[in-house]
Amino acid sequence: MDQAIVKNYRRLVRDGFKNAGSYENPSILLSTIASGIRICGGAGGYVRIYLNISDGVIEGARYLCSCDPTSNVAVEIFCDLLSGKTLEEATALNEGMFLQELDGPSNDLRKKARSLIKILNDGIKQYRAGTS
Amino acid sequence: MNSEIDLESIREDFPALACRRNGKPPIYFDSACTTLVPRQVIAAIDQYYANYPACGGERSQHWFADEVNNRIEGDTDSGIHGSRQMIAEFINARSPQEIIFALNTTHAINMVALGFRFQPGDVVLLTDKEHNSGLVPWLRLQNRGLIKVDRLVSGAGEIFDLGEFRKRLENQRIRLVSMVYTSNLTGYTMPAKEMIKVAHEHGVKVMLDGAQTVPHEAIDVRDLDVDFLAFSIHKMCGPKGVGVLYGKKELLDYESAGGGGSDGAIEPVILGGGTVVDSNYGDYNLAEVPTRFEAGIQNYPGQIGAGAAVQYLQNIGMARVKAHEIKLNSFLTEQLINRYGDTGWFRILGPQAAAERGGILSFALRRPNCFGISRELSERSNIMIRGGAFCVHSYLNHEFGADWLKPGLPTDHLMTYRVSLYFYNTMEECSVFLDTLNTIFEERGYL
Ligand SMILES: Cc1ncc(COP(=O)(O)O)c(C=O)c1O
């Protein structure tokens, strides 16, 4: 693990995973399924993110996961970044915003951020198509 | 004879151990999945492709084919020992005819599941910790309404409950017992001889899934009196794609004894080239055993390599293999229990004594994000272990709940990991594993 992730993750273990949880009927449900989880019960890598939207604003973001610490750090930051943003602002999320939340560089976080941003944009597109 | 393994010279036989990644040697602790292959086996396969890459099975009449055949079936004139004979001797079968080459354990178990002539309502009794390969073939037959599948749950201390087993045989219409001999999850080896004796007293046939037993200790099928035994050559230093079904001769010949065959005899599942001696537009005559079970052109290099693998293990000595694994496992077990035994979030699966788990040490962790540890061990120190359900989903889902691998709250996370050892592993490797694991735990804030 990158040192910046270690620091951030240990804080999560100590202080709690404040965005962990779910909504019963989320406006948007995002999910990342890592390959290999099913064959012979491979190890983890699965995150489900629940977004509650009201009047075009993300009022809450929660997640459930079976993933490693780096992914968990990424998804906690993701939920923090999304809360209170309009959908317009959410689509402007970038990798740099994730990295600003850490005390140092992390290539691994950058990769996780990239995939979260992609599924977010896909989810928002689908949501807009369904509500327009 | 020295009872210790000559590790230094043995390790030189395995080219994979000389590979380096980030300057570090591989620490291969995933032998329950598949083992590393010594150069002697690689050479036997190489020679096939370089010198006589032809078909066997007495189909063709030229010297390439003779070379292949001699290496698999043997040649008494030139004193060549065939691999089928070597495997028969390795497990003390009565004859090479009792050795059927299969793709792997899964294939061998399916041969029995699909070739055994069940009557509706027959019960097949399993353990509660079958690998999917020893479970799913039976569930399919159950789903088709042909059999009922039942399971015997381990007794206290995670060991085989012989008393309960006897009761089941007395009260149920059990036709076949199909059980994992050594669990790939816990490493526990059941008292097969006693179990088989009781089954036979009740007229019930027994198949053992020996995938994790045959590679790790001396097996004597005659002493066990087992009816069928399935195992994989790739888990015992041999090539991938080769397994074995051992069956008592009379149980491989369903046509004999007046056409009915002896009770419990299996018929071949896949027919075609190589399985018949004659055919016309309306019918066919099956070939002898074991040829009738080996349909189509076979994995000849693999079968030849299987002989080399068995020879390799025999030269080391199976008693030494077993003792070495237990020595390493005892060290790991003691260290892990000392370090994490009181944490409440670390638990070794199966019997707690290493001597009862051979070369397998599986542990469950209940910590946030306890996923990805095998990947981290690999990236940090080139250590290869496995995490997940190890194809024993049924038991783990029952133990931990069907959703245990699904997304949940980090505080509810749970993951299982397996270290599986073989004779080429060392104490130093175990120490590197322990230190690296501890660093990962510390880094994650678990300690
Ligand atoms: C106990 C057990 N049975 C069956 C199998 C399946 O073996 P194969 O994949 O060689 O068919 C395995 C493999 O891990 C095993 O451990």
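The values are calculated or read from the model by the stated rules, or taken from the named source; none is laboratory data. Everything numeric in this text was worked out from a predicted model, so none of it was measured. Here the Cβ positions follow ideal geometry from the backbone for every residue, glycine too, while neighbour counts run over all protein chains shown. Each accessible area value is taken on the protein alone, full model and side chains, heavy atoms only, with ligands, DNA and RNA left out. Shrake-Rupley method; radii C 1.70, N 1.55, O 1.52, S 1.80 Å.
Side notes on the structure shown:
- Simple Cβ-charge dipole of the protein assembly as shown, Lys/Arg +1 and Asp/Glu -1, about Cα centre, in debye nearest 20: 1440 debye
- Solvent-accessible area per residue for region A:3-129 (1.4 angstrom probe, square angstrom): 48 Å²
- Here chain A is assigned +1 on the Cβ of each Lys and Arg and -1 on the Cβ of each Asp and Glu. Its dipole about the Cα centre then comes out at about 360 debye.
- The A and B chains share an interface that buries close to 2000 Å² of accessible area, total over both sides, probe 1.4 Å.
- 1.4 Å probe, heavy atoms, protein only - residues of region B:372-403 losing at least 30 Å² accessible area vs chain alone: B:Cys391, B:His393
- Accessible carbon and sulfur surface of chain A relative to its total accessible area, %, 1.4 Å: 46 percent
- Compactness relative to 2.2 N^0.38 Å, alpha carbon Rg of the protein assembly as shown: 1.11
- Ranking B:Gly145, B:Tyr188, B:Tyr254 by Cα position along the charge dipole of region B:44-314, where only Lys, Arg, Asp and Glu carry charges on their C-beta atoms, puts B:Gly145 farthest toward the positive end.
- 1.4 Å probe, heavy atoms, protein only - residues of region A:51-67 losing at least 50 Å² accessible area vs chain alone: A:Leu64, A:Cys65, A:Ser66
- Helix B:427-443 axis versus longest C-alpha principal axis of chain B: approximately 50°, rounded to the nearest ten.
- Where chymotrypsin sites (Phe, Trp or Tyr not before Pro) fall in DSSP loop in region B:249-345, at most 16 other Cβ within 10 Å: B:Tyr281, B:Trp345
- The label-point distance for A:Asn94 and B:Arg375, in a model that sets each label 7 Å from Cα toward Cβ, rounds to 2.6 nm.
- With a Förster radius of 30 Å applied to the C-beta separation of A:Arg14 and A:Lys118, the computed FRET efficiency comes to 0.45.
- Pairs beyond 31 Å (Cα-Cα), from A:Lys18/B:Lys406; B:Lys167/B:Lys322; B:Lys249/B:Lys322: B:Lys167/B:Lys322
- Of the solvent-accessible surface of chain B, computed with a 1.4 Å probe over protein heavy atoms with every protein chain present, carbon and sulfur atoms account for 49 percent.
- Residues of region A:1-26 whose accessible area, computed with a 1.4 Å probe over protein heavy atoms, drops by at least 20 Å² once all protein chains are present relative to their chain alone are A:Met1, A:Val6, A:Tyr9, A:Arg10, A:Val13, A:Phe17, A:Ala20.
- In the context of the full set of protein chains, residues of region B:44-314 present 41 Å² of accessible surface per residue (probe radius 1.4 Å, heavy atoms only).
- Bridge orientation summary for the protein assembly as shown: considering DSSP beta bridges with both residues in this region, about 70 percent are antiparallel.
- Shown is the FRET efficiency for B:Arg166 and B:Val269, computed with R0 = 30 Å from the Cβ-Cβ distance and rounded to the nearest 0.05: 0.40.
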